[in-house]
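Q: The following block contains the structure, expressed as structure tokens.
The values are calculated or read from the model by the stated rules, or taken from the named source; none is laboratory data. Since this is a predicted model, take the numbers as computed values, not measurements. When we count neighbours, we look across all protein chains shown, and the Cβ atoms used for this are built from the backbone with ideal geometry, even at glycine. These area figures cover heavy atoms from the full protein model, side chains too; ligands, DNA and RNA do not enter into them. Shrake-Rupley method; radii C 1.70, N 1.55, O 1.52, S 1.80 Å.
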Amino acid sequence: MDDHGVHPCVRDGSDVCSVPVLRAANGPGGENSPVRSAAVPKLSTADGLLQTVVRDPLVPGTKGTSPLDPFRYARIAPDSGQIVRSARVGVGSLYDTLQMAGTITRGGAYLQGTVSGILRITAG
């Protein structure tokens, strides 16, 4: 950050910023988070956590994808990359978000488009 609180990559838009947003917990400093976000994460200004839908592998520990992968809503701490809480939303390609961005309503509900419709996720 410079004296005005502006990151040097943002000053005039000419620089390409390569600072990772999330770092893997307990990983090397340059390693990105292993969380497989299936949607564009959104920052909640209410609690400072990222909200997204993640795609878990059908076979734990693998990196491939399949039409039967489970999807879950997740809240992620941006400073550590750790998933703070999550809840399953469905299994299979009908829950694929196609990397679309969700929306957080004033009431705190998270709305996320999927192949088959819109998920409405609330704290209750």
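Q: Would you please give the FRET efficiency between Leu94 and Ala123, computed as 1/(1 + (r/R0)^6) with r the Cβ-Cβ distance and R0 = 22 Å, to the nearest 0.05?
A: Efficiency, from the Cβ-Cβ distance: 0.35.
Q: Taking a probe of 1.4 Å, how large is the accessible area per residue of the stretch 59-124, in Å²?
A: Accessible area per residue: 63 Å².
Q: What is the extension gain from Ser116 to Asp47, computed as 0.36 nm multiplied by their sequence separation minus the C-alpha to C-alpha distance, in nm to one decimal?
A: Residue separation times 0.36 nm, minus the Cα-Cα distance, leaves 21.9 nm.
Q: Between Gln82 and Lys63, what is the spin-label point distance in nm, taking each point 7 Å from the Cα along the Cα→C-beta axis?
A: Between Gln82 and Lys63, the label points sit 2.5 nm apart.
Q: Got a sec to turn the phi values of the stretch 60-69 into Karplus ³J(HN,Hα) couplings, 6.51 cos²θ - 1.76 cosθ + 1.60 with θ = phi - 60°, whole Hz, x for Gly and Pro?
A: For the stretch 60-69, the Karplus-derived couplings read x, x, 9, 10, x, 10, 8, x, 10, 5 Hz, x marking Gly and Pro.
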